[in-house]
Ligand code: PGA
């Protein structure tokens, strides 16, 4: 049984002060989680405030949106896994499509970042996804497999089993045009199959695969109706604590109905 995980990706939103207020409101709305994991990834500048507001026994997991692959050194503007760990981060997003699209992130970088995350005791969440052009030209499977194989190169059995992959079709992100479960589920199967090929059936069974791209409180149940979908990476709908809490409550109630 894979524990479901809902992650909010704040992107470049909220100051440190706003982060503290968000955490307090979310905690009021959702005092317990009933068997699922919920986390959020503020900007670097708000991590400390969010961590403080979460307190000593946090209900929610704190994460970062990116990291650099070296632990320290002359890399102006970058933030390392070592630094994130000390700030109380549990997980870190790697290879989000906005990093790939706007900041030239390469598959080879995502691999180094996944390795750096594990080295520092952080749970990496590797994001993969095809563009609309890839989908229209039947390249989806190829692109997903390439991003996975490159991003996971050299990751060994136990770490591979504990990976979290976020499938986020680029055309569905921030567009209000979510993939349908019928579009997402085959890609989730492909991802699991690829992990099987990389490290055997046990890893394939255990790896968690989240869907991301215009997830809302209204459509989350449709995704979680599939056993293939182990949670969600949420952008726009995670910024308001009440909306994020509503989405999470629907996720807690949703049970898979298909094999
Ligand atoms: P969205 O973003 O929910 O606003 O589409 C998802 C993401 O980019 O992770």
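The values are calculated or read from the model by the stated rules, or taken from the named source; none is laboratory data. Keep in mind that what you see is a predicted model, and the values were worked out from it rather than measured. Neighbour counts are summed over all protein chains in view; Cβ atoms, including those assigned to glycine, are modelled from backbone coordinates with ideal geometry.
Some points to look at:
- Residue within region 221-233 that is closer than 19 Å to residue 125 by Cβ, assigned to a helix (DSSP H, G or I) and at pLDDT 95 or above present: yes
- Residue within region 31-40 that is in contact with a helix residue (DSSP H, G or I) (Cβ under 6 Å, 6 or more places away or on another chain) and either within 16 Å of the ligand (Cβ to nearest atom) or farther than 12 Å from residue 248 by Cβ (or both) present: yes
Condition check ((1) at pLDDT 95 or above; (2) surrounded by fewer than 16 Cβ atoms within 10 Å (Cβ to Cβ)) across all residues:
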| site | (1), (2) |
| --- | --- |
| 8 | yes, no |
| 21 | yes, yes |
| 28 | yes, yes |
| 32 | no, yes |
| 49 | yes, no |
| 53 | yes, no |
| 60 | yes, no |
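- Cβ-Cβ contacts under 6 Å between residues 6 or more apart (or on different chains), taken from a first residue in region 1-22 that is farther than 15 Å from residue 41 by Cβ and in contact (Cβ under 8 Å) with a residue 24 or more places away in the chain to a second residue that is in a loop (DSSP other than H, G, I, E, B) and more than 16 Å from the ligand (Cβ to nearest atom), are listed as 4/36.
- Put simply, of 101, 147, 139, 106 the only residue that is more than 24 Å from residue 82 (Cβ to Cβ) and free of Cβ contacts under 8 Å to residues at least 40 places away in the same chain is 139.
- Residue match in region 200-219 (condition: touching a strand residue (DSSP E or B) at 6+ places or on another chain (Cβ under 9 Å), away from the ligand (no atom under 15 Å from the Cβ), closer than 27 Å to residue 33 by Cα and modelled with pLDDT of 95 or more): yes
- Selection from region 217-242 of residues that are within 18 Å of residue 13 (Cα to Cα) and surrounded by 17 or more Cβ atoms within 10 Å (Cβ to Cβ): 233, 234, 235, 236, 237, 238, 239, 241
- Condition check for residue 166: touching a residue at least 60 places away in the same chain (Cβ under 8 Å), within 16 Å of the ligand (Cβ to nearest atom) and under 15 Å from the mean Cα position of the chain (by Cα): yes
- Within region 98-157, the only residue that satisfies the criterion of being part of a helix (DSSP H, G or I) and modelled with pLDDT under 95 is 157.
- The requirement of being in contact (Cβ under 8 Å) with a residue 60 or more places away in the chain, buried (at least 22 other Cβ atoms within 10 Å of the Cβ) and under 23 Å from residue 221 (Cβ atoms) is satisfied by residue 129.
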